[in-house]
Amino acid sequence: MWDGEKKHIATFDKLITQHDVRPTALYPLWKAMAFGLGAGTAILGKRAAMACTEAVETVIGEHYNE
């Protein structure tokens with residue numbers, strides 16, 4: 001999962017630079033909240049982390065489809 005996320009972040013960082021996109025002012029907050037969510041579910045175990053990841057990916061997919 002971690003390797004996939006590293007590729008995901010690298011791709012978005014490249015696109016942000018390529019298209020000269022200014023990050024949102026809330027980025028530090030979102031980053032801290034994402035870390036907290038990931039760390040919190042990881043503490044609960046692999047099944048919780050995978051369930052959280054699946055839920056997040058489902059919501060993102062639905063958002064993109066809209």
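Worth pointing out:
- Magnitude of the charge dipole, the chain, Cβ model with Lys/Arg +1 and Asp/Glu -1, debye to 20: 260 debye
- The GNM of the chain, with springs linking C-alpha atoms under 10 angstrom apart, assigns the highest mean-square fluctuation among Thr53, Thr41, Thr17 to Thr17.
- Among Ala49, Ala34, Ala25, residue whose mean-square fluctuation peaks in a GNM of the chain (springs only between Cα atoms under 10 Å): Ala25
- Counting charges near Lys31 (Lys, Arg +1; Asp, Glu -1) among other residues having Cβ under 13 Å from its Cβ returns a value of -2.
- Projecting the Cα atoms of Phe35, Ala51, Tyr64 onto the charge dipole of the chain (Cβ charges, centred on the Cα centre) puts Phe35 farthest toward the positive pole.
- GNM on the chain, alpha-carbon springs under 10 angstrom: the most fluctuating residue among Leu29, Leu37, Leu15 is Leu15.
- Measuring with a 1.4 angstrom probe and ignoring ligands and nucleic acids, Ile60 comes out at about 60 Å² accessible.
- Relative to the globular-protein estimate of 2.2 N^0.38 Å, the Cα radius of gyration of the chain stands at 1.26.
- Annotation for Lys14 and Thr58: the two label points, set 7 Å from Cα along the Cα-Cβ direction, are 3.1 nm apart.
- For the chain, with all protein chains in place and a probe radius of 1.4 Å, 66% of the accessible heavy-atom surface sits on carbon or sulfur.
- Probe 1.4 Å, accessible area per residue of the chain, Å²: 92 Å²
The values are calculated or read from the model by the stated rules, or taken from the named source; none is laboratory data. Everything quoted here is computed from the prediction, not taken from an experiment. When we count neighbours, we look across all protein chains shown, and the Cβ atoms used for this are built from the backbone with ideal geometry, even at glycine. Please note that ligands, DNA and RNA were not included when accessible areas were found on the heavy atoms of the full protein model with its side chains. Shrake-Rupley method; radii C 1.70, N 1.55, O 1.52, S 1.80 Å.
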